[in-house]
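*Asks:* I am attaching a structure below and will ask some questions about it afterwards.
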Amino acid sequence: MMARERAGLKVRGSTAAAALAGFLVFLAAAETLHAALAAGPGRERREATRALTTQLGLTDLALFTEARYTRHRSLADLHSAFQDAPMAMEHFPAGSLVTPQRAFPDAALRAGTGD
Amino acid sequence: MPPWFERHRLLIDFAVASLLRRKTRNGGLLAVYTLIVFVLGSIMLFGEAIRREAAAVLSGAPEVTAQAMRMGRHDFSTRADIQKLGRLLGITHIEGRLWGYHYDTASAANYTLQVPPAEDSAHALAPGETIVGEGVARLRKLTPGGYLFLVSAEGKLLKLKVKEMLPSASALVSSDLVLVSEPDFRSFCGLDPDVFTDIGMRVSNPQEVSKAAEKAALRLPGFRFVTRADMLRTYEALFSWREGLLLAVFAGALLAFVILAWDKASGLSAEERREIGILKGIGWDTGDVIAMKMWEGGLISVTAFLAGAVLAYGHVFLFSASLLEPVLKGWSTLYPRFPLTPSVDALELSTLAFFSIVPYMAAILVPVWRAASADPDAAMR
């Protein structure tokens, strides 16, 4: 008895496996095509958003609007999450997802005397 | 058909039949394997896409932002501070910026109130007018011509006519924005006429940004200067952290899977050992047995990788990473609806493929080779 008959298959196992792999590769190819087609409109959208950022002078992403130090991440200082009161604990959920602002600008530290 | 092709085809036939004999066990393994690749792939694709998006849109941010600091806290900048900066070589434009937060009790959301810069004629506003972002319009059900009412902490009412809405495609940076005129902003927030939230500077030559910030720091020693490169670095670090954090949360499940897969792949059951013994007894050579077992493992791992990667792409780029959204959202009532530009990074995919397929295949090889090299008589007993 053939292996496929024992397993109750109507087609050969290799044919079924090739069909499944082919289907998945087809889906992957369709997604690659989708990515290629969406690249142009995506670039235009990003360019329009970048232009708006320049016009309005925006500095941060509007991803975490729950607290001021998460809304404007790059402008918040290291202590802002804890300065509501002495010994206050940081309590917004986004605070556990964002890194402490360690990228303090070093311009002031490196400032020399001459222009 | 070349003989090697037919030989491998027969081996695959046998491998498929062997997998189907243990349907539940192999089906469960395939489902968990696919889920693991799906979650890993989703985190990787989302992290990379949002990093790219942030870098692209924030490349339009002001080159330098100066904040007054007092007692370690952000303080107002004044007209006198702007005058102190005067004319600095390389800085083409200096402007006091007016922006702040407003907690709206009606929608239980934080808005960012902002006055558009004076030179931005496209968003110029008369007193009583506003331009709102996608999120604010969504929460307050606003359309152009409608009215937005805001109540300050002191109970002051501000009635604003919606002039237009900011494009929803820019929601990632503008979702919570409420643009208002300078007189409205100052009277609503109770600000003196000569104070500003901070100072924005434009530098013509990108190479001179840090030098310009250094020069400005000499004139305003109590200020903190944030350059555009700092902002980009902040977001780069933030998303790397987030990706790492999600992976850390996921590490427990990943470890459980690794143990399961290792156990399944490396520990042959007595039944499998006997099967190998019988195959050797009826004339299969060691190479055939190893090839058949490698096909078995390959079918499971490659199918799981392909299915997981395809599903991850669909999740992130067709369904806006809806399963990751609750993690990002936190307590934000106002979460932007933003599309991510799809892209497939070959290096990322190869990394995912390498780490999802190779360890599993490697775990199979040694025990199968050991069992296949053993004496068939001993294996069958």
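*Asks:* Which number in (1) open to solvent by 10 Å² or more (accessible area, probe 1.4 Å); (2) outside any loop (DSSP other than H, G, I, E, B); (3) within 13 Å of chain A (Cβ to nearest Cβ) marks the one condition that B:Tyr111 misses?
*Replies:* (1)
*Asks:* Oh, and also: Tell me which of these B:Arg97 doesn't satisfy, since it passes every other one: (1) open to solvent by less than 40 Å² (accessible area, probe 1.4 Å); (2) closer than 16 Å to B:Leu158 by Cα; (3) not polar (S, T, N, Q).
*Replies:* (2)
*Asks:* Looking at segment B:331-347, which of the residues that are open to solvent by 20 Å² or more (accessible area, probe 1.4 Å) and at pLDDT below 85 is farthest from A:Glu44 (Cα to Cα)?
*Replies:* B:Trp331
*Asks:* For B:Arg186, are the conditions met, namely being surrounded by fewer than 21 Cβ atoms within 10 Å (Cβ to Cβ) and part of a strand (DSSP E or B)?
*Replies:* Details: surrounded by fewer than 21 Cβ atoms within 10 Å (Cβ to Cβ): yes; part of a strand (DSSP E or B): no.
Answer is no for this residue.
*Asks:* Which one is most open to solvent (accessible area, probe 1.4 Å), of the residues in segment B:52-67 that are in a loop (DSSP other than H, G, I, E, B) and either without any contact (Cβ under 8 Å) to a residue 60 or more places away in the chain or not charged (D, E, K, R) (or both)?
*Replies:* Only one residue fits best here, namely B:Ser59.
*Asks:* How about segment B:220-273: which of its residues are open to solvent by 60 Å² or more (accessible area, probe 1.4 Å), in contact with a helix residue (DSSP H, G or I) (Cβ under 9 Å, 6 or more places away or on another chain), part of a helix (DSSP H, G or I) and facing chain A (nearest Cβ under 8 Å)?
*Replies:* Result: B:Arg233, single match.
*Asks:* Give the residues of segment B:14-32 that are within 20 Å of B:Ala353 (Cα to Cα) and either touching a Ser or Thr at 6+ places or on another chain (Cβ under 7 Å) or open to solvent by 40 Å² or more (accessible area, probe 1.4 Å) (or both), sorted by residue number.
*Replies:* Those that are within 20 Å of B:Ala353 (Cα to Cα) and either touching a Ser or Thr at 6+ places or on another chain (Cβ under 7 Å) or open to solvent by 40 Å² or more (accessible area, probe 1.4 Å) (or both): B:Leu30, B:Ala31, B:Val32.
*Asks:* Something else about it: With among the small types (Gly, Ala, Ser), more than 8 Å from chain A (Cβ to nearest Cβ) and without any contact (Cβ under 8 Å) to a residue 12 or more places away in the chain as the only criterion, which of B:Ser168, B:Ser121, B:Ser152 stands out?
*Replies:* B:Ser121
*Asks:* Moving on. Across segment B:171-183, which residue is farthest from the other protein chains (Cβ to nearest Cβ) among those that are open to solvent by less than 50 Å² (accessible area, probe 1.4 Å) and farther than 28 Å from B:Leu328 by Cα?
*Replies:* So, considering only residues that are open to solvent by less than 50 Å² (accessible area, probe 1.4 Å) and farther than 28 Å from B:Leu328 by Cα, the one farthest from the other protein chains (Cβ to nearest Cβ) is B:Ser181.
*Asks:* Scan segment B:190-219 for residues that are open to solvent by less than 60 Å² (accessible area, probe 1.4 Å) and in a helix (DSSP H, G or I) and jot them down.
*Replies:* Within segment B:190-219, B:Val209, B:Ser210, B:Ala212, B:Ala213, B:Glu214, B:Lys215, B:Ala216, B:Ala217 qualify.
*Asks:* On to the next question. Exactly one condition in (1) touching an Asp or Glu at 6+ places or on another chain (Cβ under 9 Å); (2) among the charged types (D, E, K, R); (3) under 25 Å from B:Ser77 (Cα atoms) is not met by B:Glu243; state its number.
*Replies:* With respect to (1) touching an Asp or Glu at 6+ places or on another chain (Cβ under 9 Å); (2) among the charged types (D, E, K, R); (3) under 25 Å from B:Ser77 (Cα atoms), B:Glu243 is out only on (3).
*Asks:* Condition check: modelled with pLDDT of 90 or more, farther than 24 Å from B:Thr105 by Cβ and open to solvent by 60 Å² or more (accessible area, probe 1.4 Å). Does B:Pro127 satisfy that?
*Replies:* no
*Asks:* Taking the condition of being closer than 17 Å to B:Lys215 by Cβ and surrounded by fewer than 20 Cβ atoms within 10 Å (Cβ to Cβ), how many residues in segment B:68-93 meet it?
*Replies:* Number satisfying all stated conditions: 11.
*Asks:* Say whether the condition of being farther than 30 Å from B:Leu254 by Cα, within 27 Å of the chain's Cα centre (by Cα), within 8 Å of chain A (Cβ to nearest Cβ) and assigned to a strand (DSSP E or B) is met by at least one residue in segment B:92-107.
*Replies:* The answer is yes, given that some residue of segment B:92-107 is farther than 30 Å from B:Leu254 by Cα, within 27 Å of the chain's Cα centre (by Cα), within 8 Å of chain A (Cβ to nearest Cβ) and assigned to a strand (DSSP E or B).
*Asks:* Further question on the same structure: Just to check your reading of the model, which residue among B:Leu172, B:Leu158 is in a helix (DSSP H, G or I), assigned by TED's automatic domain parsing to the domain that holds B:Gly90 and in contact with an Asp or Glu (Cβ under 7 Å, 6 or more places away or on another chain)?
*Replies:* So the residue among B:Leu172, B:Leu158 that is in a helix (DSSP H, G or I), assigned by TED's automatic domain parsing to the domain that holds B:Gly90 and in contact with an Asp or Glu (Cβ under 7 Å, 6 or more places away or on another chain) is B:Leu172.
*Asks:* Taking the conditions exactly as written (open to solvent by less than 20 Å² (accessible area, probe 1.4 Å), touching a residue at least 60 places away in the same chain (Cβ under 8 Å) and of a type in the set (Val, Ile, Thr)), does B:Val327 satisfy them or not?
*Replies:* So B:Val327 does not fit the description; no.
*Asks:* Further question on the same structure: In segment B:209-219, what residues are more than 7 Å from chain A (Cβ to nearest Cβ) and not β-branched (Val, Ile, Thr)?
*Replies:* Within segment B:209-219, B:Lys211, B:Ala212, B:Ala216, B:Arg219 meet the criteria.
*Asks:* Cβ-Cβ distance below 6 Å, separation of 6 or more or different chains: which pairs start in segment B:306-317 with a residue that is farther than 13 Å from B:Pro342 by Cβ and end on one that is outside any helix (DSSP H, G or I) and open to solvent by 20 Å² or more (accessible area, probe 1.4 Å)?
*Replies:* Final answer for the pair search is none.
*Asks:* In this structure, is B:Lys163 in a strand (DSSP E or B) and open to solvent by 60 Å² or more (accessible area, probe 1.4 Å)?
*Replies:* Taking the combined requirement at face value, the residue satisfies it.
The values are calculated or read from the model by the stated rules, or taken from the named source; none is laboratory data. All figures in this text were calculated on a predicted structure; none of them were measured in a lab. Every residue, glycine as well, gets a Cβ built from its backbone with ideal geometry; the counts of neighbours run over all protein chains shown. Surface areas here come from the heavy atoms of the whole protein model, side chains and all, with no ligands, DNA or RNA. Shrake-Rupley method; radii C 1.70, N 1.55, O 1.52, S 1.80 Å.
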